[in-house]
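These notes concern the structure reproduced below.
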Amino acid sequence: MSSINGIFLLSVLLIAAITDLVRRKIYDWLTLPALVLGVAINTIGAGWPGLGFGLLGLVVGGLLFLPFLLVEGMGAGDIKLMAVVGAFGGAGFVLQAWFYTAVAGGLWAVAALIIKGKLIATLKNLLLWIGSMLGSKRKPAPFSEQDALPYAAFIFLGTLAALFLPPVFVI
């Protein structure tokens, strides 16, 4: 990733992380122009191949967390923010960032659940969610907004890790 892409991307992610931590919201006024900017920078830098690079990254980034949105385990702002990562860095980079993001968010979530004494109950509820998607009549407990993680912070950390740590996937 070029240094200009990295600077713009990390700036957007930092703003999103702060607003998500403070207001529990990732704003469209931030993500939508960033999607366009990421694709535009790649297009200006590499022409038609740059356009394809940015658009493919945007789509892959958006699809990575889509299943969690569908089961109400993540907000649309998180999906758009991951699409921003792809628009700037392309499909290969967004996969790396997604992996590091999932590790950071997962470790934090497990630690928080252990501290709150909710790990076993949450794992049981997760099994009910999986069962309900497979056709079970037993319904899981509804998602609690107070247990939601401000995931933009983890997207920021995961993307930062992807910039500086060795690649996990060879693409």
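The values are calculated or read from the model by the stated rules, or taken from the named source; none is laboratory data. Not measured: the values here are computed from a predicted model. All Cβ positions, even for glycine, are placed from backbone atoms using ideal geometry, and neighbour counts span all protein chains on display. Calculation scope for accessible area: heavy atoms of the full protein, side chains included, ligands and nucleic acids excluded. Shrake-Rupley method; radii C 1.70, N 1.55, O 1.52, S 1.80 Å.
Against the test of being open to solvent by less than 70 Å² (accessible area, probe 1.4 Å) and out of contact with any His (no Cβ under 6 Å at 6 or more places or on another chain), the options 124, 118, 137 yield a single qualifying residue, 118. Only one entry in 47, 57 is over 18 Å from the mean Cα position of the chain (by Cα) and modelled with pLDDT of 95 or more, namely 47. Tally up the residues in region 111-120 that are out of contact with any helix residue (DSSP H, G or I) (no Cβ under 7 Å at 6 or more places or on another chain) and either among the aliphatic types (A, V, I, L, M) or within 16 Å of residue 164 (Cβ to Cβ) (or both), please. Residues meeting the conditions: 5.
Checking the structure you have, find out if any residue of region 120-137 is under 15 Å from the mean Cα position of the chain (by Cα) and either among the basic types (Lys, Arg) or at pLDDT 80 or above (or both). Checked against the condition, which is being under 15 Å from the mean Cα position of the chain (by Cα) and either among the basic types (Lys, Arg) or at pLDDT 80 or above (or both), region 120-137 yields no hits at all.
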